[in-house]
Amino acid sequence: MKINGQSTASKQVITFTIDAPQLDTAKKIWLYLPKDYENYKKAYPVIYMHDTQNLFNIKTLCFGEWRVDEYLDSFTTNKSTSLGINHVGEKRIDELTPYSHEKYSGGKGDYYLSFIKKISKPHIHQNYRILSQPNHTNLFDLSLGGLISFYAVIKYPESFSKAGIFSSVFWTNPEVFELVENLDISNNIITNCEHNEKFWP
């Protein structure tokens, strides 16, 4: 399989668009495949990230590029893939918040996570060598992306095992604290950016 570069992103980044019926839209997906992907038959864990416009390509950024692809390219042997999902501008708050806020609305986070679980995950596992087990499916992000990542591993441990979270906006959805209090939380959940070596090679 030939990997084609996307603008200023690494040549290891491919893009495709898939329907998201849960959100009544289509989602552009950015998938980073390790440099040794074409040379080996092994499957890789995946790290889901949100606000993809900021991850790989300086031409699409909204808040400043993370240079995720350059970081992963710096490793001789990469142990994971990274997958980003484009946000949808003014509907970003809707998709990345599990509960509605009196001032900012939102609250469609479960629909967004349903898209990841039922559409995105099956698609990438069918078309790419990516491990499908929950312990190989992680999330990592900040702000609203951190909030929905935290919520995902708490609410859906059968689908996601770890979350790297920082600068999260928990104040928009304080209901997550009540959720945590009422559930038996797995020790696998990581919520401190100081532990990001658990996600990267």
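Filtering F115, F150, F177 for residues that are part of a helix (DSSP H, G or I), free of Cβ contacts under 8 Å to residues at least 24 places away in the same chain and either buried (at least 17 other Cβ atoms within 10 Å of the Cβ) or of a type outside the set (S, T, N, Q) (or both) leaves a single hit, F177. For the stretch 160-174, taking the residues that are among the hydroxyl-bearing types (S, T, Y) and surrounded by 17 or more Cβ atoms within 10 Å (Cβ to Cβ), the one that is modelled with the highest pLDDT is identified as T172. In the stretch 30-48, the residues that are more than 22 Å from F115 (Cβ to Cβ) form Cβ pairs under 8 Å with partners that are among the aliphatic types (A, V, I, L, M) and crowded, with 23+ Cβ neighbours inside 10 Å, at six or more places apart or across chains, as follows: P34/L72.
Residue count for the stretch 15-63, restricted to those that are among the aromatic types (F, W, Y), out of contact with any Leu (no Cβ under 8 Å at 6 or more places or on another chain) and at pLDDT 80 or above: 2.
Contact map, the stretch 98-112: first residue in a loop (DSSP other than H, G, I, E, B), second residue β-branched (V, I, T) and buried (at least 16 other Cβ atoms within 10 Å of the Cβ), Cβ cut-off under 6 Å, separation 6 or more or different chains; pairs are Y104/I93; G106/I93; G106/T97; G107/T97. Scanning the stretch 133-145 for residues that are at pLDDT 90 or above and either in a helix (DSSP H, G or I) or open to solvent by 50 Å² or more (accessible area, probe 1.4 Å) (or both) yields Q133, P134, N135, H136. Looking for something over 21 Å from A26 (Cα atoms), part of a strand (DSSP E or B) and either of a type in the set (V, I, T) or over 12 Å from the mean Cα position of the chain (by Cα) (or both) - is there at least one such residue anywhere in the stretch 118-131? Within the stretch 118-131, one or more residues are over 21 Å from A26 (Cα atoms), part of a strand (DSSP E or B) and either of a type in the set (V, I, T) or over 12 Å from the mean Cα position of the chain (by Cα) (or both).
Note on the stretch 95-109: among residues that are charged (D, E, K, R) and touching a helix residue (DSSP H, G or I) at 6+ places or on another chain (Cβ under 8 Å), the one that is least open to solvent (accessible area, probe 1.4 Å) is E95. Number of residues in the stretch 1-14 that are in a loop (DSSP other than H, G, I, E, B), within 20 Å of H125 (Cα to Cα) and either open to solvent by 50 Å² or more (accessible area, probe 1.4 Å) or at pLDDT 85 or above (or both) equals 3.
Is it fair to say K118 is at pLDDT 90 or above and either hydroxyl-bearing (S, T, Y) or over 20 Å from D51 (Cβ atoms) (or both)? Yes: the conditions hold for K118.
The values are calculated or read from the model by the stated rules, or taken from the named source; none is laboratory data. Small disclaimer: the values here were computed from a predicted structure and weren't measured. Cβ atoms come from the backbone with ideal geometry, glycine included; neighbour counts cover every protein chain shown. Just so you know, the surface numbers come from the protein's heavy atoms only, side chains and all, with ligands and any DNA or RNA stripped out. Shrake-Rupley method; radii C 1.70, N 1.55, O 1.52, S 1.80 Å.
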